[in-house]
Amino acid sequence: MTKINQRKKSKKGLFAVLYSLLFGVALTSCDDMFEPADENTRQEDAMYEEADYAHGLLIYGYDRLPYMTTTQTDVATDDAVTNQKNSQYMNMATGTWASDNDPMSQWNTCKDGIQYINLFLANVEKVKWSPSAASKQQMFIDRLKGEAFGLRALLYYYLLQAHGGYADDGQLYGVPLLTKAEDGSSDYNQPRASFADCVKQCYADCDSAMSLLPIDYADIDNNDAIPEKYKALGANYSNYNLVFGIKASNLMSAKIAEAIKAQVALLAASPAFREQSGVTSAEAAALCANVLKRIGGLDGFDPTGNIWYKNKTKLDPGASEMPEILWRADRAKNSSQEAENFPPTLFGSGRVNPSQNLVDAYPMRNGLPITDPNSGYDAKNPYANRDPRLDNDILYNGTTYRRAVIITGTYSKDINEMLDNLNNNSSSTRTGYYLKKLLRDDVSPLSSSQIEQYHVFPRIRYTEIFLAYAEAANDAWGPKSDPTGVGYTAYDVINAIRQRAGLATNEIGMPLPEGDVYLEQCAEDQAKMASLIRNERRLELCFENKRFWDLRRWMLPLNESVKGMQIDLNDETKELSYRVIEVEERKFDNSYQLYGPIPKAEVLKWTALKQNKGWE
């Protein structure tokens, strides 16, 4: 009989929701489930009579998901650096990335989650979820199985993103496909499946999830609204609500599984993988469109979706869901992001320093890139008349934030202002910029007068899916084609995003009579539109752990050096001077590091595992 080692693991956010769902009362805490004495083991069949124990296996799958919306991996890209000298991501980006030193690895984390999910799927129908009612028992089985299939697809997606690649034999591989739990009798020396077969498995799991789960979790108020399969078993709407009602919000749903399938398709149809993935851009566009039709396409485009993190009325518990967010983790009340990233004058550590590279990617307010001679860009006043998203995302020299003026130049004489100056101390910016996006201005991280506020952590935003559709549709059919009759084109999506950002407007927000000239230029050239879509994705999703993976799947250079801005004051003229500086040389090797490694220890242990080309 399989023994399940109970390992210590702190449980956060999502668990508080999960534990209250099964029987309408709180389940045994995960501390009880995963924190007995270290040597304690339990037999597999113990879960059949203990629903909370069985459910813990599924919860562990949720816990293995990487990344909430806190900035981590961006400091290993051209979008940012960190002033944290022992950062594993900084070390990676400056030359230490190896198959036995891989901060981006998802191998152990996601494979652990898949093992627990496989074990759960093997036993879910044997567990007494609700012995008193056959209808409720079946509803719990269906929902929990659906969640498990969706989670497994997502965990495989993260594995493909981190470890998919070409081996020396010229074949594109994914990871070993494991759909059954391993035990003491298993053959652990499993080869990597083809990337295409891994994609097919993700699709199949998403389809299974969609067949078992509701589009959204919502309460019903009469028995007529119960699906026929459960009505035939004698279900009533009260029991239906217990399983599929509003209290299950933010668990895996059919809508979320549909979005995961679209994410997998976009990855597979990207330049790095499309040759052998079996997925076309047209297919990826269609799958993205399936997600977006749930909100009426562009009719459901959230006009404030780019500043969801500023919508304080929607961040607190009890608030209605944000239309921008397709799936989120739990709300959390803290000041940790602000403590990490506020400038020193606001009692933060200034950890994430946006790059000049990223700042230069923001166009002028008229929509033209700053490199365009007609844009109006003034190198002596570089932050004037810029894309309003720059003000939302980044603190630059002279910005007033929380009633404090942030001085990142070298010229400040005030002892407090000097804390924020370029390279002044270990908490100061290295680039001349501080992070603003994702942070709440009503938080105080100062320990003596700490003010914590609620934060929401999206896992999937609709803007991401809109951008995915635009990317795939433009690649498949061009900027303005809609051969499948979706009702909008790549051009339409980017137009909506840029209008929401406030581009092609004057300083008081009125549309320019000539419109968005740059967008219209790009709409006449598929390659230019592709570059614009990529830039819009860069801006809209910055600091959300997307950039590193996007650069790799687009096969763009990882080794662009990171630049900053040094601002000095001429004591005689009292004028500021702006000088772009080199901040951090990136030592990625684009000849092979566009594909991540299989962990070295795994390749040494298992002869069937092929390493990606170039890695030792």
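The values are calculated or read from the model by the stated rules, or taken from the named source; none is laboratory data. Just so it is clear, the model here is predicted, and its values are computed rather than measured. Neighbour counts are summed over all protein chains in view; Cβ atoms, including those assigned to glycine, are modelled from backbone coordinates with ideal geometry. Keep in mind that these areas ignore ligands, DNA and RNA; they rest on the heavy atoms of the full protein, side chains included. Shrake-Rupley method; radii C 1.70, N 1.55, O 1.52, S 1.80 Å.
Computed over protein heavy atoms with a 1.4 Å probe, the accessible surface of the chain works out to 40 Å² per residue. Placing a pseudo-label 7 Å from each Cα along the Cα-to-Cβ vector at D414 and T607 gives an inter-label distance of 7.0 nm. Computed 3J(HN,Hα) for region 43-58, one whole-Hz value per residue from the Karplus formula 6.51 cos²θ - 1.76 cosθ + 1.60 where θ = phi - 60°, is 7, 4, 6, 5, 6, 5, 9, 10, 4, 5, 5, 4, 5, x, 5, 5, glycine and proline marked x. For N108 and S336, a Förster radius of 25 Å and the Cβ-Cβ distance give a FRET efficiency of 0.50, rounded to the nearest 0.05.
Taking Cα atoms only, the orientation of helix 107-123 departs from the longest principal axis of the chain by about 30 degrees. Of the labelled figures (i) 171; (ii) 186; (iii) 154, only one reflects volume of the Cα convex hull per residue in Å³ as derived from the coordinates, namely (i). Using r as the Cβ-Cβ distance of I307 and Y48, and R0 as 51 Å, what FRET efficiency do you calculate, to the nearest 0.05? Efficiency for this residue pair is about 0.55. Computed over region 216-260, the percent of Cα pairs more than 12 Å apart is 60. When the alpha carbon gyration tensor of region 173-265 is reduced to an equivalent ellipsoid, the three semi-axes, largest first, read 35, 16, 11 Å. Here the spin labels are modelled as points 7 Å beyond Cα on the Cα-Cβ line, and at A204 and I246 they lie 3.9 nm apart. Using the alpha-carbon positions of region 67-140, Rg (one decimal) and Dmax (whole number) come out as 21.0, 60 Å.
Apolar share of the accessible surface for region 101-147: 42 percent from carbon plus sulfur atoms, 1.4 Å probe. Inter-label distance, A404 to T371: 3.6 nm, where each label sits 7 Å from its Cα along the C-beta direction. With a cut-off of 11 Å, note down the residues of region 533-563 whose backbone N falls inside the zone around a label point 7 Å from the Cα of N590 toward its beta carbon. From region 533-563, the list is 555-561. Using only the C-alpha atoms, the convex hull of region 350-394 corresponds to 73 Å³ per residue. In region 498-547, what percent of the accessible surface is made up of carbon and sulfur (1.4 Å probe, ligands and nucleic acids excluded)? Looking at region 498-547 in its full context, I get 50 percent from C and S.
Residues whose amide H falls under 5 Å from that of L368, counting only those 5 or more places apart or on a different chain, are absent, with hydrogens built in the peptide plane.
When +1 charges are put on Lys and Arg Cβ atoms and -1 charges on Asp and Glu Cβ atoms, the dipole computed for region 403-515 relative to its Cα centre reaches about 180 debye. Average projection, convex hull of the Cα set of region 98-157: 4.6 square nanometres. Cα centroids of region 156-214 and region 451-486: 25 Å apart. Taking a straight line from the alpha carbon of K333, these lysines sit under 26 Å away, with near neighbours fewer than eight places off in the same chain left out: K8, K9, K11, K12, K247, K310, K312, K314, K436, K437, K546.
The phi torsions of region 328-333, fed into the Karplus equation with coefficients 6.51, -1.76 and 1.60 and a -60° offset, translate into couplings of 9, 7, 5, 5, 9, 9 Hz, rounded to whole numbers, with Gly and Pro shown as x. Shown for region 343-428: the carbon plus sulfur share of the solvent-accessible area, taken with all protein chains present and a 1.4 angstrom probe, equals 47%. Here is how the number arises for the chain: DSSP H runs of 4 or more residues each give -39500 (n - 2.57), the sum is divided by the residue count, and the result at 222 nm is -10500 deg cm²/dmol. Using only Cα atoms, find the angle between the long axis of helix 281-292 and the longest principal axis of the chain, and express it within 0 to 90 degrees, rounded to the nearest 10. Orientation of helix 281-292: about 80 degrees from the principal axis. Once backbone amide H atoms are built at 1.01 Å from N, F588 has no partners under 5 Å, excluding neighbours fewer than 5 places away on the same chain. For T399, the residues 5 or more places off, or on other chains, whose built amide H falls under 5 Å of its own are I406.
Remark: region 499-515, residue by residue, has Karplus-estimated 3J(HN,Hα) of 5, 4, 6, x, 7, 6, 10, 8, 5, 9, x, 8, x, 6, x, 7, x Hz, where x stands for each Gly or Pro and the curve is 6.51 cos²θ - 1.76 cosθ + 1.60 at θ = phi - 60°. Computed from Cα atoms, the angle from the helix 254-269 axis to the main principal axis of the chain rounds to 60 degrees. What is the Cα convex hull volume of region 432-485 when expressed per residue in Å³? With only Cα atoms used, region 432-485 gives 156 Å³ per residue. Diffusion coefficient of region 398-532 by Stokes-Einstein, Kirkwood radius over Cα pairs, 10 °C, 1.306 mPa s: 84 µm²/s.
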